[in-house]
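Quick notes on the structure that follows.
Laboratory data are not the source of any read-out in this text; all were calculated from the coordinates shown. Here the structure is a predicted model, which is why all the values come from computation and not from measurement. Every residue, glycine as well, gets a Cβ built from its backbone with ideal geometry; the counts of neighbours run over all protein chains shown.
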Amino acid sequence: MEFPDEIPSLYGPGKTVKRVRTRHLVEAKERGEKWAMLTSYDQYTAALFDEAGIPALLVGDSAANNVYGYETTLQVSVEELLPLVAAVARSTRRTLIVADLPFGSYEAGPAQALETAVRFMKAGAHAVKLEGGRRMAEQIRALTGAGIPVMGHIGFTPQSEHTLGGYRVQGRDAQAAEVEADAHAVADAGAFAVVLEMVTSSVAAEITKRLPIPTIGIGAGSETDAQVLVWQDMAGLRQGKPPRFVKRYADLASVLQGAVKAYADEVRAGEFPAKEHGFE
Ligand code: KIV
């Protein structure tokens, strides 16, 4: 795929950057410039999203449900995610690639987190993401101290769904102070950005105002510095009722099904392949 040498970034007129770095995202916050992050797990979407000007791609542990067919993110492993990170890294030029550390690969302590993060960085990631606020501060410190940029993830953290009692909005009433304390702990430990998942809009707005690093919302209202969505949700590839915080910008499932049916019909009717698809 052909890329222009430089792109307007992060969407602002007159600003160009060859490779998005974590500092560009922090500078965007300082300018009040919002940006969009998407998940990506493969070569084609990575190249397309990069070309579309998405400044950060997350190779999420949501690959568990969206690539591997698992029921929850708890089941996906480092070995399953590493090749996806490598594929995304090989297919992009400008976007910042964030690799999600899967459940069980960093909770034991800073040494385990460092060992896992190094594997993802060697696979081509530019940063890693891990779930947890205050309880993960030591891990974040160890990684940033070793030169590995860290994106935090607080609020509803899917890897802890069994402790959190299922998919529940975080930050209501007395819980607001807990979520805010997690946000500050993550920033103080050196994270360059933090995902706020299913946090009340008012708490997310307050955190965004107070934190020096960008907040990236998913189900956290409109006041965060950035937004993230799973691409199969956003593009309508995943069928069924999407979560409330998802907006579908396309209906890829119908497009793909239409193409597949047309192909099968033409094969059945003897219309494909036509003369021009063969060799003399
Ligand atoms: O893995 C993932 O897709 C995520 C996003 C929901 C932030 O962690």
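Based on the mean of other Cβ atoms within 10 Å per residue, sort peptides 268-275, 198-205, 170-177 so the most packed one is first.
Sorting 268-275, 198-205, 170-177 by mean packing, highest first, produces 198-205, 170-177, 268-275.
What Kirkwood hydrodynamic radius do you get for segment 146-280 when you take the inverse of the mean 1/r over all pairs of distinct Cα atoms, in Å?
17.7
Calculate the dipole size of the chain relative to its Cα centre from +1 charges on Lys and Arg beta carbons and -1 charges on Asp and Glu beta carbons; express the result in debye to the nearest 20.
It works out to roughly 500 debye.
Modelled label-to-label distance, LYS275 and GLU115, 7 Å Cα→beta-carbon offset: nm?
6.5
Just grab the label-to-label distance for VAL255 and SER202, each label 7 Å out from Cα along the Cβ direction, in nm (one decimal).
Inter-label distance under the simple model: 4.0 nm.
What percent do you get for the relative contact order of segment 138-280 when only Cα pairs under 8 Å and 6+ apart count?
In percent, rounded to a whole number, it is 16.
Order by neighbour count: ASP61, ASP251, fewest other Cβ atoms within 10 Å first, most last.
ASP251, ASP61
Between GLN75 and PHE245, what is 0.36 nm times their sequence separation minus the Cα-Cα distance? Round to one decimal in nm.
That pair, GLN75 and PHE245, stretches by 58.8 nm at full extension.
For the peptides 62-75, 131-144, what is the packing order when you average, over each peptide's residues, the other Cβ atoms within 10 Å and list the highest mean first?
My ranking of the peptides, most packed first, is 131-144, 62-75.
Grab the DSSP H runs of the chain that are 4 residues or longer, score each as -39,500 (n - 2.57), total them, divide by all residues and round the 222 nm result to the nearest 500 deg cm²/dmol.
Computed mean residue ellipticity for the chain: -11000 deg cm²/dmol.
Given the peptides 214-224, 179-189, arrange them by the average over their residues of other C-beta atoms within 10 Å, most packed first.
By packing density, highest mean first, the sequence is 214-224, 179-189.
How compact is the chain by the rule of thumb for globular proteins, expressed as Cα Rg over 2.2 N^0.38 Å?
1.07
To make sure I understand, if each residue's beta carbon is the centre and we count other beta carbons within 10 Å, what order do TYR41, TYR106 fall in, fewest to most?
TYR41, TYR106
May I ask you to compute the full-extension gain from ALA264 to SER222, defined as 0.36 nm times their residue separation minus their alpha-carbon distance, rounded to one decimal in nm?
10.8 nm is the gain from fully extending ALA264 to SER222.
Take the Cβ-Cβ distance between THR144 and ALA108 as r, set R0 to 22 Å, and report the resulting FRET efficiency rounded to the nearest 0.05.
With a Förster radius of 22 Å, E is 0.75.
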